[in-house]
Amino acid sequence: MEKISLTYFVDFVLKAGTPKLTGVREFKERKDELHTDFYRQVREAIVDMHRSGKPTSVLDGFLAAQHDERRRRIYPSVVNGYRKFLASTRMTWFEPPASTYRLGDLEINVNPELGLVIDGTPHVIKMYFRGEPLSSKRVSVVLNLLMNGLAESTPGGAFAVLDVRNAKIHTFKVPNPRLSLLLRGEAASFATIYTGL
């Protein structure tokens, strides 16, 4: 079976009932590739800003270069939220680790976008851009996958999800063995549906 993105797997886990079947079928038929990742450009602009050591003012140029009406309307709130997050404390960039995390027959790409040293602690961060509120369930699942997939490559580091628009960071606190068990079951469910379709 092919690898699945962390975000796609998290979306699958948080669905209930028959939408799970639809999600797997869309993944298998690659319908998800027919739609562009709406936030890809702003995500890449933020990461490039850090990698290149550029000031946040480059994001103004990025926003000005947008021609798509929807992006012109939505991206500014994302950029403003990210600037607010950066202003909250002093941070230093490092290249975040990436890995493949195996759950049964499923391989999940664990690919956080940001590596930031915050108050002396390296933080490996997955950014959340969507307009709907970031649920505690989503945070728990993402943090569990980040921790399980990257703990060995980030000793002493912290794992986090950044609600970009609201400039709020959620950090992994305590492992939840029951959640890990649930995720193994969800991975088995995904693999079974995938094989059966």
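The values are calculated or read from the model by the stated rules, or taken from the named source; none is laboratory data. Given the structure is predicted, the values throughout are model-derived calculations rather than measurements. Glycine gets a Cβ as well: all are built from the backbone with ideal geometry, and neighbour counts include every protein chain shown.
Residue 110 satisfies every condition listed in (1) of a type in the set (Val, Ile, Thr); (2) more than 14 Å from the chain's Cα centre (by Cα); (3) at pLDDT 95 or above except (2).
For every residue, the table says whether it meets (1) in contact with a Gly (Cβ under 6 Å, 6 or more places away or on another chain); (2) part of a strand (DSSP E or B); (3) among the small types (Gly, Ala, Ser); (4) without any contact (Cβ under 8 Å) to a residue 60 or more places away in the chain.
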| residue | (1), (2), (3), (4) |
| --- | --- |
| 123 | no, yes, no, yes |
| 137 | no, no, no, no |
| 141 | no, no, no, no |
| 144 | no, no, no, yes |
| 148 | no, no, no, yes |
| 156 | no, no, yes, yes |
| 173 | no, no, no, yes |
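Name the residue that is surrounded by the fewest Cβ atoms within 10 Å (Cβ to Cβ), counting only residues in the range 127-147 that are touching a strand residue (DSSP E or B) at 6+ places or on another chain (Cβ under 8 Å) and over 17 Å from residue 114 (Cα atoms). If we take residues in the range 127-147 being touching a strand residue (DSSP E or B) at 6+ places or on another chain (Cβ under 8 Å) and over 17 Å from residue 114 (Cα atoms), then 134 is surrounded by the fewest Cβ atoms within 10 Å (Cβ to Cβ). Taken over the range 80-128, the criterion of being of a type in the set (Phe, Trp, Tyr) and within 30 Å of residue 192 (Cα to Cα) is satisfied by 101, 128. Scanning the range 93-105 turns up no residue that is among the hydrophobic types (A, V, I, L, M, F, W, C), in contact with a Gly (Cβ under 9 Å, 6 or more places away or on another chain) and within 18 Å of residue 11 (Cβ to Cβ).
Checking each residue in the range 148-164 for being charged (D, E, K, R) and surrounded by 13 or more Cβ atoms within 10 Å (Cβ to Cβ) picks out only 163.
Of the helices (runs of 4 or more DSSP H) lying entirely inside the range 31-92, those carrying at least 3 residues that are in contact (Cβ under 8 Å) with a residue 40 or more places away in the chain are 40-52, 69-87.
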